Amino acid sequence: MEIVTFQALGAPVKGYLQEDYDTLVAHKVRPAVVICPGGAYRWRSPREKDAPAFEFLSMGYQVFILEYSCAGKAGGYRPLRELAETVCQLRVHHEGWHIDPDKIAVLGFSAGGHLAASLGAFWNDPELALPAQARPDALVLCYPVISTKEFAHRESAEWVSGGDPELREKMHLWEQVTASFPPTFMWHGGEDASVPPENSLFLAVELKKHGI
């Protein structure tokens, strides 16, 4: 295993790469996943970093963990731009890191799920003008925060909006789904007391409406 590090607009990213054996011709190019830990946009939970990273590494992925901006630095789309830059860097370096540039997924837990889903919703938003290379090929949302209104995880909504009511409105993600939203797998505990399962349920309804 090789470890690589880089900065995505100042946010640290750590990557775990598979060994490049000459005899493994069939596995010269691999899918990749970017992991966004949860933590209410206030911090990044350690339990949602290396443990899932090693699980995906064992399945043949190239794996990256994004230490996106939190707390007072979480507003103004800053974590979203950091995630977009991370995905772009994976595509820029796909040859050296043996990544299939058409198989880059983003996985997020809780508030990290909100971040992942935000990239799915806004990768082609004209207001944000993110690079086209930032579009993830798939999303994995684990008990994600989706709402910033009813059923919201209030702390996540407050940090990611930075107290801006217009930004908080925009970050209500099930109202931001379009036909360009990436293919998505999500799961949620039915008795989750922190992030109500309605966050995933209402998102699922919108994804179905748009054929995702």
Sequence-distant residues sharing a close amide H with residue 107 (under 5 Å, placed H): 34, 35, 36, 140
Considering only the chain, what is the antiparallel percent among its DSSP beta bridges, to the nearest 5? 35 percent
I need to check one value: relative contact order of region 112-212, counting alpha carbon pairs closer than 8 Å and at least 6 residues apart, in percent. 31 percent
Please go through the residue pairs 73/149; 49/73; 28/209; 103/149; 28/208; 14/73 and name each one whose alpha carbons sit more than 28 Å apart in this structure. 28/209; 103/149; 28/208
The chain: calculated mean residue ellipticity at 222 nm from DSSP helix runs of at least 4, using -39500 (n - 2.57): -8500 deg cm²/dmol
Dividing the alpha-carbon Rg of region 1-124 by 2.2 N^0.38 Å yields what? 1.02
Can you tell me the 0 to 90 degree angle between the C-alpha axis of helix 111-122 and the longest principal axis of the chain, rounded to 10? 90 degrees
Under the Kirkwood approximation applied to all pairs of distinct alpha-carbon atoms, what is the hydrodynamic radius of region 151-212 in Å? 12.7 Å
Which Rg and Dmax, in Å, describe the Cα atoms of region 54-151? 13.6, 45
Which value results when the Cα radius of gyration for region 98-207 is divided by 2.2 N^0.38 Å? 1.03
More than 16 Å apart - percent of Cα-Cα pairs taken over region 137-176: 32 percent
For peptides 41-49, 189-197, sequence by mean Cβ density within 10 Å, most packed first: 41-49, 189-197
Integer Hz, Karplus 6.51/-1.76/1.60 couplings in order for region 123-129, x for Gly and Pro: 4, 10, 6, x, 5, 8, 6
To the nearest Å², the heavy-atom accessible area per residue of region 139-212 with 1.4 Å probe amounts to 51 Å²
Convex hull per residue volume in Å³, alpha carbons only, for the chain: 111 Å³
All alpha-carbon distances of region 102-163, grouped into 10 Å bins from 0, give the whole-percent distribution 23, 47, 28, 2
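The values are calculated or read from the model by the stated rules, or taken from the named source; none is laboratory data. Here the structure is a predicted model, which is why all the values come from computation and not from measurement. Cβ atoms come from the backbone with ideal geometry, glycine included; neighbour counts cover every protein chain shown. Only protein heavy atoms, including side chains, enter the accessible area calculation; ligands, DNA and RNA are left aside. Shrake-Rupley method; radii C 1.70, N 1.55, O 1.52, S 1.80 Å.
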